[in-house]
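**Q** Supplied in structure tokens, the structure appears directly below.
The values are calculated or read from the model by the stated rules, or taken from the named source; none is laboratory data. A quick note: this is a predicted structure, and the numbers were derived from the prediction, not measured. Cβ sites come from the backbone with ideal geometry, for glycine too, and all protein chains shown count toward neighbours. The protein model used for the area step is the full one, side chains on, heavy atoms only, and it has no ligands, DNA or RNA in it. Shrake-Rupley method; radii C 1.70, N 1.55, O 1.52, S 1.80 Å.
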Amino acid sequence: MTAPARPAARKPAARSTGRPRAGVVALPGRSLVRVGPVAVQIRRRSVLVAATLVVLLLGAGVLSLSLGTPYVAPVDVLRALSGAGTPYDLVVFDLRLPRLVLAAVAGAAFGVAGTLIQSVARNPLASPDVVGITQGAGLAATVALTSGVAAVLVAPAALVGGLLAAVLLFVLGARHGLAAQRFVLAGVAVAFALRALIEVVMLTADPIDGLRAQIWLIGTLAGKGWTEALWIAATLVALLPVLAWAGWALNSTALDDDTARGIGLRPVARRVGLAGTGVLAAAMVTAQVGAVDFVALVAPQLARRLVRAERPPLVCAALLGALLLVLADLAGRRLFAPTQLPAGVLTAAIGGPYLIFLLVRGRRRPS
């Protein structure tokens, strides 16, 4: 008689040590941050650049609140902001702070919009002012300004015009799943057509109304403040969940469609979602501050070069856009004082040399 077989001994269950699993390894230049079961790779250079941009933005903000007539010493600016009470509270809070906040949130929105549109188009020259969104808002605003419509309706008209231009852009570029090259070409075509219509409206309008429209088309923050900043900030806050998804979805924009589908992604839906988010942000900010060109074009690519990443980083592009517009508005107010230049003039002065730099760099690359 054979002895009954003993049951196999059970191995003791592995105890959870609370440490990251061995299979999750931080990539070079990145730190691994674990939130519950989710492990997130964070680029250390991105954090450093973002922190530096925050410090520079705060410094530019204090400088903007300080310079002007009357001059307010930076110490008094900080005391006023802390609520200590100074003789300059009226100047700081009522005259300069609203314009500063507007410049910061508008620049951040331009940076976000430019990042999303450039990532979808896979082209550093794609931005709201290149693919027709700015021109759509400008045409609607020009019609409103030259037809005697109440001033309060100009911004809503510009927002609708920008969104309608986006619809036209999506219709023309929808073939082949909103392919990058077709998206850019459709945008350039829409921009040229709408720009021509703007010129026709301005030539047939009353000279005074045409001048008002021209100032709007250049883009200025003069005479604007908390109301416009609130609309832009509310839009960005409402888009925060989408922007959080976009920060992750941008990682796949460089993949071709077959590769993206092979790893279980839906590239067309992602491109539409990213482009739609960028268009909405661009249309809202353009409706509030006018056609401030080149911020959405320059900020993402400068941020990408600072971070040394393969795609524009969303947070750094927003911070850099805010910094650029704050500095442009400050320069417009003080360089030729008491004459004030629209912020759009200064951003165009930045964008021109940037385009020349891209052209020269593009010529050198093949060699």
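**Q** What FRET efficiency would be calculated for the residue pair residue 45, residue 125, taking the C-beta separation as r and a Förster radius of 35 Å, to the nearest 0.05?
**A** 0.90
**Q** For the stretch 276-367, with every protein chain kept in place, what is the accessible area per residue (1.4 Å probe, Å²)?
**A** The answer is 42 Å² per residue.
**Q** Still on this structure, I have one more. Per residue of the stretch 121-134, in order, report the coupling 6.51 cos²θ - 1.76 cosθ + 1.60 (Karplus, θ = phi - 60°) as ³J(HN,Hα) in whole Hz, putting x for Gly and Pro.
**A** The phi angles translate into 7, 6, 8, x, 9, 7, 7, x, 7, 9, 9, x, 5, 4 Hz.
**Q** Also, I was wondering about something else. Tell me, what is the 1.4 Å probe accessible area of residue 231, in Å² to the nearest 10?
**A** Accessible area, nearest 10 Å²: 140 Å².
**Q** Going by accessible area, probe 1.4 Å, with all protein chains left in place, what is the ranking of 354, 71, 88, largest first?
**A** These residues rank, largest area first, as 71, 88, 354.
**Q** If I stretch the segment between residue 78 and residue 355 completely, what's the gain in nm (0.36 nm per residue apart, minus their alpha carbon distance), one decimal?
**A** Full extension of this stretch gives 95.9 nm more.
**Q** What is the local net charge at residue 93, summed over the other residues whose Cβ is closer than 14 Å to its Cβ (Lys, Arg +1; Asp, Glu -1)?
**A** So the surrounding residues net to 0.
**Q** With a 1.4 Å probe and every protein chain left in place, tell me how much accessible area residue 336 has, in Å² to the nearest 10.
**A** About 120 Å², rounded to the nearest 10.
**Q** Post the alpha-carbon centroid distance, the stretch 124-146 to the stretch 46-73, in whole angstrom.
**A** The two parts, judged by their Cα centres, are 30 Å apart.
**Q** In the neighborhood of residue 76, defined by Cβ-to-Cβ distances under 13 Å, what is the net charge if each Lys or Arg adds +1 and each Asp or Glu adds -1?
**A** That works out to +1.
**Q** Could I ask something else about it? Taking a temperature of 37 °C and a viscosity of 0.692 mPa s, what whole-number D in µm²/s does Stokes-Einstein yield for the stretch 105-148 with Rh from Kirkwood over alpha carbon pairs?
**A** My calculation gives 286 µm²/s for D.
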